[in-house]
Structure formats: structure tokens, C-alpha cells
Amino acid sequence: MKYANQAIILAVALLAVPLSAKAAEYDLLIKGGHLIDPKNQTNGPADVAVKEGKIAHIATNIDPARAQEVVDAAGLYVVPGLVDLHTHVFFGTAEDSAYSNGFSAVPPDGFTFRSGVTTVVDAGGAGWKDFLLFKRQTIDHSQTRVLAFINIVGSGMKGGPIEQDLNDMDPRLTALRAQEFPGLIVGVKTAHYSGNNWEAVDRAVAAGKLAGLPVMVDFGYQTPPLPLGDLFLVHLRPGDIFTHTYSNPQNRDALVGTDGKVQPKAWEAVKRGIVFDVGHGAGSFVFRQVVPATREGFHPNTISSDLHVRSMNGGMKNLLNVMSKFLNLGLSLSDVIDKSTWAPAQVISRDDLGHLSLGAEADLTILSIQEGSFGFLDVEGSRMSGTKKLECELTLRAGRVVWDLNGLAAKDWSNGQSTPPR
């Protein structure tokens, strides 16, 4: 009888436990937001539930009692974590090393989550010789997911004469290193080569063929210039990436010609499947190219920042600022989100990224659109006025809150509770 009475008391006690104290079905619920998920063709009101770092449930109305923590996203946009296809995050303190363990690159976590970015691709900071250092030093120690284009120059993007050494551009060794890290090394990069020949491009493409990867080309340093049409239609392959699409034309053909029209060779390249990437940077985005191009309907396939020390303190600022420029140039919000999430994920064959499908890792961003009078700068210091600006309210990386601008996921101090450190 003694044990029977104890069992009754325990049963009554369990019934008295409030629902919030019981094991919740979901860890986190994003409630009341407007979901934009280009891969799944979703653009409308929806709640998103997260469990153990994965997307667990999406529906128009999920009971908040089913979640341990609820974030009110009313009036906000819920989108996949942004994928920045062109960044420089191989930060280090080696002298004369530029973007390859040098001072020109930035440590990713300090500049990603606050902009809604959960995945970055380092654009050629490391070559086959120093990729292992990059992995140990940056990739393995970052909360941000860091992927890489490997430089065709074995010593990486150290600037100056080092990037001109054809003897250090070995397709076989570059491909071998890439094959060691499938899914982590997602492409080959060539940049800054000033020789009046196609050697750097062709060797990068050769490495890409060996490794089964796309090539990203930063092109236009040759004197005299090499024909842009030949790059698009002869040397690159469908799926290869032309970054700095809207650059100031100095040592290359301009995208927009003197007649104010997008050159026919660029339209041919679009049909051929060349990927046009923004790669804003500190010297590669001018309104006198991008404005007439977008008016004509020539839009980039992918929107990227070319994040580094100079660009983040110049006209670029961050990926959301670049996206805001295209929003004010007339692209729809869903299109801008697509070009910053699902589209770049497809370009690098990482179909697990850039969407909020059930079971996908819960990389998620909540955005607001600020309405007002704003000014946007290009790399020449020219100003464009706009009325809309994107701002990141909250970022989840693998289901964890890693950025919370206004405390959407926090409890108010006055109720005697606090949110434990994450």
C-alpha cells in the first residue's frame, strides 16, 4: 500500500507540471514571419520549427506550446542563411601575404553572422601549398561554415610577383589538393595575373577539369587587354564563374559598352552558361556599369561581397548592403534572396545549403526591410539613392542563435529570467 500511494502521488505531480516544463517537441520556433525559400518556391507566411539543429517542421500555424523557445518574427522575413560566394577570410599576420595568411583578409565570424551570412567561400586565398594551414587556422576554428576556391598559384593570393609565377601554377598538384577535400574545396581560382597570355586561366581550367570543379576568374589585368569574348566563349566552360561582373573597365573590355548597352558577347556567355558573380569588393563595382546593365535586364547569377579589410570599410560594407543595392535597382526581394542563397549553393554543387527544406541544417536568417532615404556607394565614391535597406535581425547557425540584433530570442530581464549564454 505504501508504494501504491507513492505512485499515485507521483502521477498527480506529473499532471501538475506545466507544459512549458515538459520536454518540448521543438527546440525553437520562428513564428509569424514571411518565409522566402527559393529552392522550395516558398514565398509567404509560415512558421519554422527547429529540432537538434535541423529544420523539423514548416507550416502556416505551429502551436507555440510545442516549442521550448519561440521567436516572434511578425513583420519580418525568414530566409535561408546567406551564402557569400566571394570572400577573403584566410586572415593571418604574415608580412607581405595579402589575402593568404595576411592582413588584408578578415576572420570570418566577426563579419558574417551580423549580416545574416552562415556560409562563406574564400576566393583563392590559399593554394595547394598553404591550404592545410588555412584549414587548421581558419576553417577548423570558425563557427561560420568556410569553404574555399583553391588558387592555381601554389603559394596562394600573396600579391605582387608571387601571383605572376607561371612555374607555381601546377594544375595537377592543385587538383590533387582539391580532391583531398571534396565539398570543402569547391572550385579553382585565378586572379591578378598580368601576363598578356591565357596561361593562368587555362591552367586553372585544367585543374578544374582534373578535379571536377568550376573555376572562378578575376580577369582584367593584362596589358594590352585580352578579349573578354575569348574568355567567355573559348577558354571558360559552362558553369565557370566570372566574378567582378560590374567592374570599372581599365584593362579589359567593359560589360556595358560606350553605347550604353550590354555587349553581345556577354549575352552569348549567358546562353553558354557562364556564371556572372557580383564580387563587389573595393574596386569592382561601379554604378555606371551596373545601372544600365540591370535596366537592360542583365542581372547577376550570384550576389557576393568580396569581403576584405578595404571593401568592408568602403562602398561594399557587407553582403546585405550589396543585396540592398540590387533591391533598389529593381530586383525583387525573392530574386535577391535567391542570388544570395540557393543560386550560389548550386554553383558550387553544395545542394545541402541555401534552403530550409525539412531535415536541412538550420542555417536561417531573419531580415527586416528598413524604409526611408538611404545612400549607397560604389567603389569610385559615387552615390545612388534608395528607399530600402536590408538589416539582419537574427541569425541561426545549425540551430543556434549566433546573432540577435534586438533580442528577439531573449527573455526580458524584468520577469526574473535570463537567456543562458549560447
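The values are calculated or read from the model by the stated rules, or taken from the named source; none is laboratory data. If you're wondering where the values come from, they're calculated on a predicted model, not measured in any experiment. Every residue, glycine as well, gets a Cβ built from its backbone with ideal geometry; the counts of neighbours run over all protein chains shown. Each accessible area value is taken on the protein alone, full model and side chains, heavy atoms only, with ligands, DNA and RNA left out. Shrake-Rupley method; radii C 1.70, N 1.55, O 1.52, S 1.80 Å.
Data overview
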quantity	calculated
Residue within the range 389-397 that is in a loop (DSSP other than H, G, I, E, B) and either touching a helix residue (DSSP H, G or I) at 6+ places or on another chain (Cβ under 9 Å) or modelled with pLDDT of 95 or more (or both) present	no
Where a residue in the range 99-128 is in contact (Cβ under 8 Å) with a residue 12 or more places away in the chain and on the phi > 0 side of the Ramachandran plot and its partner, wherever it lies, is open to solvent by 10 Å² or more (accessible area, probe 1.4 Å) and charged (D, E, K, R), with Cβ under 7 Å and at least six apart	ASN101/ASP130
Close pairs from the range 389-418: first under 21 Å from ASN318 (Cβ atoms), partner open to solvent by 90 Å² or more (accessible area, probe 1.4 Å) and not in a loop (DSSP other than H, G, I, E, B), Cβ under 7 Å, at least 6 apart	CYS392/ARG114; TRP403/ARG114; LEU408/ASP72
The range 216-255, subset without any contact (Cβ under 8 Å) to a residue 40 or more places away in the chain and among the aliphatic types (A, V, I, L, M), residue nearest to ALA345 (Cα to Cα)	VAL217
Qualifying residues in the range 240-258 (those that are hydroxyl-bearing (Ser, Thr, Tyr) and farther than 12 Å from PRO300 by Cα) - the one surrounded by the fewest Cβ atoms within 10 Å (Cβ to Cβ)	THR258
Test: residue in the range 346-369 that is assigned to a helix (DSSP H, G or I), open to solvent by less than 10 Å² (accessible area, probe 1.4 Å) and touching a Leu at 6+ places or on another chain (Cβ under 6 Å)	no
Single match in PHE298, PHE276 (criterion: surrounded by fewer than 24 Cβ atoms within 10 Å (Cβ to Cβ) and in a strand (DSSP E or B))	PHE276
For GLY124: the one exception among (1) open to solvent by 20 Å² or more (accessible area, probe 1.4 Å); (2) within 18 Å of LEU236 (Cα to Cα)	(1)
